[in-house]
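K.L.:
This is the structure I want to talk about, given as structure tokens.
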There are 2 protein chains.
Amino acid sequence: MKTSIIAVGTELLFGQTVNTNASYLSENLNLMGFDVMYHFVVGDNPQRLKDKLAEAFRDTDLVILTGGLGPTQDDLTKEIVAEYMGADFYRDEKVIEDLKAFFERRGRHMAENNLKQAYLPVGCTPLYNDSGTAPGFALEKDGKAVICFPGPPRELKWLFENGARQYLEKFMEKKMCYRVIRTIGIGESDLETALLPLIDGQTDPTIATYAKEGECTLRVASQRDTNEEASAAVDEMTARITDIVGGYIYSYDDEELDEVVVRILKEKHLTISAAESCTGGLFAASITDVPGASEVIRESYVTYSSEAKISVLGVPSETIDTFGVVSPETAEAMAEGLSRISGSDVCISVTGYAGPDADEGHSAGEAYIGYVYKDRKGHVSLDTSRNFRKWNRNYFMLRMLRTVYLLITDRM
Amino acid sequence: MKTSIIAVGTELLFGQTVNTNASYLSENLNLMGFDVMYHFVVGDNPQRLKDKLAEAFRDTDLVILTGGLGPTQDDLTKEIVAEYMGADFYRDEKVIEDLKAFFERRGRHMAENNLKQAYLPVGCTPLYNDSGTAPGFALEKDGKAVICFPGPPRELKWLFENGARQYLEKFMEKKMCYRVIRTIGIGESDLETALLPLIDGQTDPTIATYAKEGECTLRVASQRDTNEEASAAVDEMTARITDIVGGYIYSYDDEELDEVVVRILKEKHLTISAAESCTGGLFAASITDVPGASEVIRESYVTYSSEAKISVLGVPSETIDTFGVVSPETAEAMAEGLSRISGSDVCISVTGYAGPDADEGHSAGEAYIGYVYKDRKGHVSLDTSRNFRKWNRNYFMLRMLRTVYLLITDRM
């Protein structure tokens, strides 16, 4: 089904906000088999919105609008859409109740103008909003359909998952099933090359790769007559992918690497600590970002200077003098020292050059990860030869996570 | 001048990439006095691009395109635009040289298809690209103008600042001058209320507020006949703003708070260390994210558990037992312990509940920042009463930065 997305909001045209709603909707609609052909952004201006709505319906059959459903004067999306579709308004009592409950929960007085949100087009499918005040809705006419979402991304996502997705399924000729497989340690082009035999000439299931800085995601999707056939096809393809690149896969359910690592550490009742130099705390921050991380991390260290590596971790100054502060030997000595002072089951360290500048004979992007786990110690050498400081720091952190993941899953 | 932005790229319609180019261009064009009326996104499809180009030119006089300038088959923007404007192509020798130099620098062989990028529309203003291979260009006809940028955001920004901005100035009736003032510790609505006397009925200079999580940015802009008048008007308004909310301002040049803090620490030859609990390393990561931070930070600690606060920092267990691990007393004891073990000039600590769950009698969003600086010690109490873990963690980190900023500028 040919689809357009219209974002309404002057703040988008001022560049104050980025249109992430359009990419979120596009990703999910494509996965459901909808053909997203256009994005539009228009300000809070009735005539221009009317024009774009007409344009969108001229070329596509499903038009999705975001924004302009709130209680204020310049929220006009609902009125313009109802007028275009020739629908009157009714007062939706459930919305009234929801609004009263919403403000009661927050112990706040409900301003009169909020009631504006309780009027919906006659004949619409309401999308009741438990994550905010403005409801969304879907409306059909002459084989064309329009769906209106509020602008705040959190509310839009909630409404998409709690109502809109189900509503949209009736437009799908076939049943769709997909799985998001996450990998780390292999680039997108290498991943595609490795999977070429599976991707080439493949119509269903489809395999799409998405590169994120430092890692790469695979999406396996199938559209069949029944959910059973679709999910069977995805499972079968997933198995074939695993045969080829299983060593790089860390999640079959679109989990973040830090979530996976913390989950496994919990399951195995392991504690972890880090001694970070160039990542400066990013690794500890990513572990502690996972709710419940307190079960697995008690303490962590940022030893940025050579002095700190010596005084805090007890790295022998000879090691630094002999091999250099950015060296496999120093990385391992940091992990060993960390193991002594923290007593954590998994001890991971990193020393490297994030850039932009690096010492003589070294390049930005060079780093070494040291580890001590059970009776094992060792290091991983990294060299991204990139000069983007932020990119390198984040990449080093991800490779630390991957190293821990491989260690605690006995794959390294 | 009425302006449209057309982003070309199927990856945008798949939701794989977010259209940050449109917001970047919109922000800068609005600041230059251009009236951005529409954003369009269209796939790599010649006919649809032609249609949208015609639509954009029907309603606006300046059309800016991004993407589709590369060497591959599906890069069609340049051809479509030249055809629409009725321009032939010429071979630009400077682009050829730039291309050869680009690949030589990287010691890579230049594939033939790269030469495609050296053909530009006759009569255009080339935008030579030192940040990539595809040049941009501007082309005019019958009082309408089009500018084409390559899609990669880094290249687009480089070309905008190194050519496009200058080219666009001739369309500006007046000279534009602006300043970005950054504040921390005051919400957007409070800031607007405080500045209402200045904002109300103000036509020039204009004052716009932009809320970012935890902080708020002010943009003061003026358009006058000369640069001198414009910048004088901005300076005068800046002084009036400073009289009212100067206490919250940390930068008059759109610097990040961590950059400002590291710069001042360097200037004053001060070292800093942190003892982080709920922020789990975010503070250290933000300080070390600033190039050259090694001058000011030698070591930092993540003491997530109560045991670590006791064993690593030497917080008296009685303090935790008596006042609780999330308390002003524990926060101050953490900072004092940190001062003892690190000897850093500025010692800052944080203990709190980021959420989603918190202990009895406490709410997510409650946190205490402790500090020791020179002969001073003390604490800052925070309570965002939010339940968004990521938001809280980041907010706590920003408030730590602000506390350090106020301390080392003797404003607290």
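The values are calculated or read from the model by the stated rules, or taken from the named source; none is laboratory data. Everything numeric in this text was worked out from a predicted model, so none of it was measured. All Cβ positions, even for glycine, are placed from backbone atoms using ideal geometry, and neighbour counts span all protein chains on display. Calculation scope for accessible area: heavy atoms of the full protein, side chains included, ligands and nucleic acids excluded. Shrake-Rupley method; radii C 1.70, N 1.55, O 1.52, S 1.80 Å.
K.L.:
Taking +1 at the Cβ of each Lys and Arg and -1 at the Cβ of each Asp and Glu, which of A:A232, A:H39, A:G246 sits farthest along the dipole of chain A towards its positive end, judged by Cα position relative to the Cα centre?
P.N.:
A:H39
K.L.:
Restricting to the protein assembly as shown, what percent of DSSP beta bridges are antiparallel, rounded to 5? All intermediate terms of the calculation are to be shown ahead of the outcome.
P.N.:
Numbers: 100 of 149 bridges.
Bridges in the protein assembly as shown are about 65 percent antiparallel.
K.L.:
State the Kirkwood hydrodynamic radius of the protein assembly as shown in Å, one decimal place, computed from all pairs of distinct Cα atoms. List each step's numbers first, then the result.
P.N.:
Details: mean 1/r = 0.0341 Å⁻¹.
Hydrodynamic radius (Kirkwood, Cα only) of the protein assembly as shown equals 29.4 Å.
K.L.:
Can you pull the Kirkwood radius for the stretch A:257-408, inverse mean 1/r over Cα pairs, to one decimal in Å? Don't skip to the answer; put the middle values down first.
P.N.:
On the way: mean 1/r = 0.0667 Å⁻¹.
The Cα-based Kirkwood calculation yields 15.0 Å.
K.L.:
Can you pull the accessible area of A:K78 for me, 1.4 Å probe, Å² to the nearest 10?
P.N.:
Its heavy atoms expose roughly 10 Å² to the probe.
K.L.:
Let me ask something else. So what does B:H379 come to for accessible area, using a 1.4 Å probe and Å² rounded to 10?
P.N.:
80 Å²
K.L.:
List the GluC sites (Glu not before Pro) in the stretch B:172-258 that DSSP assigns to loop (not H, G, I, E or B) and whose Cβ has at most 13 other Cβ atoms within 10 Å. Which are they? Please report the intermediate quantities before stating the final value.
P.N.:
Working: sites: B:E173, B:E188, B:E192, B:E213, B:E215, B:E228, B:E229, B:E236, B:E255, B:E256; in loops: B:E173, B:E213, B:E255, B:E256.
Taking the stretch B:172-258 and a limit of 13 other Cβ atoms within 10 Å, the loop GluC sites (Glu not before Pro) found are B:E173, B:E213.
K.L.:
State the percentage of accessible surface on the protein assembly as shown attributable to carbon and sulfur atoms; use a 1.4 Å probe and exclude ligands, DNA and RNA. Don't skip to the answer; put the middle values down first.
P.N.:
Values: 16110 of 33640 Å².
About 48 percent, which is the carbon plus sulfur part of the accessible surface.
K.L.:
Hey, got the average number of other protein chain Cβ atoms within 10 angstrom for residues in A:267-279?
P.N.:
Details: counts 0, 0, 0, 0, 1, 0, 3, 2, 0, 6, 2, 2, 5.
If you average over the peptide's residues, the count of other-chain Cβ atoms is 2.
K.L.:
I want to check the label-to-label distance for B:M1 and A:F103. Put each point 7 Å from Cα in the C-beta direction and report it in nm to one decimal.
P.N.:
About 4.8 nm separates the two model spin labels.
K.L.:
Let me ask something else. Sorted from largest down, what three extents in whole angstroms do the Cα atoms of chain A have along their principal axes?
P.N.:
Projected onto its principal axes, the Cα set of chain A covers 81, 55, 41 Å.
K.L.:
List the accessible area buried at the contact between A and B, summed over both sides and calculated with a 1.4 Å probe, in Å² to the nearest 100.
P.N.:
Numbers: alone 19050 and 19070 Å², together 33640 Å².
In total, chains A and B hide about 4500 Å² from solvent.
K.L.:
If you don't mind, another one. Please give the residues from the stretch A:295-338 for which the solvent-accessible area of heavy atoms, probe 1.4 Å, is smaller by at least 10 Å² with all protein chains in place than with the chain isolated.
P.N.:
Going by heavy-atom accessible area, the residues of the stretch A:295-338 that drop by at least 10 Å² are A:I297, A:R298, A:E299, A:S300, A:Y301, A:V302, A:Y304, A:S305, A:E307, A:A308, A:V312.
K.L.:
Determine the dipole magnitude for the protein assembly as shown: charges of +1 sit on the beta-carbon of Lys and Arg, -1 on that of Asp and Glu, nothing else is charged, the reference point is the Cα centre, and the result goes in debye to the nearest 20. Before the final figure, lay out each step's value.
P.N.:
Numbers: 86 positive and 128 negative charges, 16 e Å.
My answer is approximately 80 debye.
K.L.:
Would you mind computing, in nm to one decimal, how far apart the modelled labels at A:F89 and A:E267 are, each placed 7 Å from Cα along Cα→Cβ?
P.N.:
With each label point 7 Å from Cα toward Cβ, the separation is 5.3 nm.
K.L.:
For B:F171, go 7 angstrom from Cα along the Cα-to-Cβ vector, then report the distances to that same point in the other copies in nm, smallest first.
P.N.:
Label-point distances to the other copies, shortest first: 3.4 nm.
K.L.:
Can you tell me the length gained on complete extension of the stretch A:S363 to A:E318, counting 0.36 nm per residue apart and subtracting the Cα distance?
P.N.:
On the way: separation 45, 0.36 × 45 = 16.20 nm, distance 2.29 nm.
The span from A:S363 to A:E318 would gain 13.9 nm if fully extended.
K.L.:
Hey, another quick one. Of all the residues in chain B, which one has the C-beta that comes nearest the axis relating B to A, and what is the distance in Å?
P.N.:
Output: B:G281, 2.
K.L.:
Counting only the backbone N, which residues of the stretch A:38-67 are under 18 Å from the spot 7 Å out from the Cα of A:K141 toward its beta-carbon?
P.N.:
Output list for this probe position: A:46-66.
K.L.:
Separate question: Just to be sure I understand: with springs between alpha-carbon atoms less than 10 Å apart, which residue in B:R91, B:R108, B:R182 has the highest mean-square fluctuation in the Gaussian network model of chain B?
P.N.:
B:R108
K.L.:
Taking only protein heavy atoms and a 1.4 Å probe, what accessible area per residue, in Å², does chain B have with all protein chains in place? Write down the numbers at each step before the final one.
P.N.:
Numbers: 16840 Å² over 412 residues.
Here the residues of chain B average 41 Å² of exposed surface.
K.L.:
I've got another one for you. With θ set to phi - 60° and the Karplus curve 6.51 cos²θ - 1.76 cosθ + 1.60, what are the ³J(HN,Hα) couplings of the stretch A:288-294 in order, to the nearest whole Hz, using x for Gly and Pro?
P.N.:
Residue by residue, the stretch A:288-294 yields 6, 6, 7, x, x, 5, 4 Hz.
K.L.:
Just B:G370, B:G68, B:G292 to compare: in a GNM of chain B, with alpha carbon springs under 10 Å, which one fluctuates most?
P.N.:
B:G292
K.L.:
Nearest 5 is fine: what % of DSSP beta bridges in chain B come out antiparallel, could you say? All intermediate terms of the calculation are to be shown ahead of the outcome.
P.N.:
Values: 45 of 70 bridges.
In chain B, DSSP labels about 65 percent of beta bridges as antiparallel.
K.L.:
Please give the contour-minus-distance gain from A:N113 to A:T203: 0.36 nm per residue of separation, less the Cα-Cα distance, rounded to one decimal in nm.
P.N.:
On the way: separation 90, 0.36 × 90 = 32.40 nm, distance 5.10 nm.
This chain segment gains 27.3 nm when fully extended.
K.L.:
Something else about it: Ignoring everything except DSSP H segments at least 4 long, calculate the 222 nm mean residue ellipticity for the protein assembly as shown; use -39,500 (n - 2.57) per segment, divide by total residues, nearest 500.
P.N.:
On the way: 30 runs with 320 residues, N = 824.
Taken over the protein assembly as shown, the calculation gives -11500 deg cm²/dmol.
K.L.:
Putting +1 on Lys and Arg Cβ atoms and -1 on Asp and Glu Cβ atoms, find which of A:M110, A:F89, A:T77 reaches farthest to the positive end of the dipole of the stretch A:53-118.
P.N.:
Highest projection toward the positive end goes to A:M110.
K.L.:
So, one more: Counting Lys and Arg as +1 and Asp and Glu as -1, what is the net charge of the other residues whose Cβ lies under 13 Å from the Cβ of A:E236? Each step should come with its number before you reach the end.
P.N.:
Working: positive: A:R179, A:R224, A:R240; negative: A:D204, A:E228, A:E229, A:D235, A:D243.
Counting the neighbours of A:E236, the net charge comes to -2.
K.L.:
If packing is taken as the mean number of other Cβ atoms within 10 Å per residue, what is the order of A:348-354, A:120-126, B:112-118, A:100-106, highest first? Mind showing how you got there, number by number?
P.N.:
Values: A:348-354: 29.0, A:120-126: 18.6, B:112-118: 15.9, A:100-106: 11.9.
Ranked by mean Cβ neighbours within 10 Å, highest first: A:348-354, A:120-126, B:112-118, A:100-106.
K.L.:
Let me ask another. Shortest first and in nm with one decimal, please list how far the B:E97 label point sits from its counterparts in the other copies (point 7 Å along Cα→Cβ).
P.N.:
Here the equivalent label points are 7.6 nm apart from this one.
K.L.:
Tell me, what is the 1.4 Å probe accessible area of B:C177, in Å² to the nearest 10?
P.N.:
30 Å²
K.L.:
Put a point 7 Å out from Cα along the line to Cβ at B:E11; what are the distances to that point in the other copies, in nm, shortest first?
P.N.:
With the label placed 7 Å along Cα→Cβ, B:E11 yields 2.8 nm.
K.L.:
Could you pull out the trypsin sites (Lys or Arg not before Pro) across the stretch A:334-405 that fall in loop regions by DSSP (anything but H, G, I, E, B) with no more than 13 other Cβ atoms inside 10 Å? Write out the running numbers ahead of the final one.
P.N.:
Details: sites: A:R340, A:K374, A:R376, A:K377, A:R386, A:R389, A:K390, A:R393, A:R399, A:R402; in loops: A:K374, A:R386.
When the trypsin sites (Lys or Arg not before Pro) of the stretch A:334-405 are filtered for loop state and at most 13 Cβ neighbours within 10 Å, A:K374 remain.
K.L.:
Within 10 Å of each Cβ of B:199-212, how many other protein chain Cβ atoms are there on average? All intermediate terms of the calculation are to be shown ahead of the outcome.
P.N.:
On the way: counts 0, 0, 0, 0, 0, 0, 0, 0, 0, 2, 1, 5, 1, 0.
Other-chain Cβ atoms within 10 Å of each residue's Cβ, averaged: 1.
K.L.:
Between the stretch B:231-305 and the stretch A:66-126, what is the C-alpha centre distance in whole Å?
P.N.:
43 Å
K.L.:
Determine ³J(HN,Hα), in whole Hz, for all residues of the stretch B:362-367 in sequence, where each value follows from phi through the Karplus function 6.51 cos²θ - 1.76 cosθ + 1.60 and θ = phi - 60°; x replaces Gly and Pro.
P.N.:
Result, ordered by residue: 10, 10, 4, x, 7, 7 Hz.
K.L.:
Per-residue Cβ counts within 10 Å, from other chains only, averaged over B:16-29: what number is that?
P.N.:
Values: counts 10, 3, 8, 9, 4, 1, 8, 11, 2, 1, 9, 4, 1, 3.
Other-chain Cβ atoms within 10 Å of each residue's Cβ, averaged: 5.
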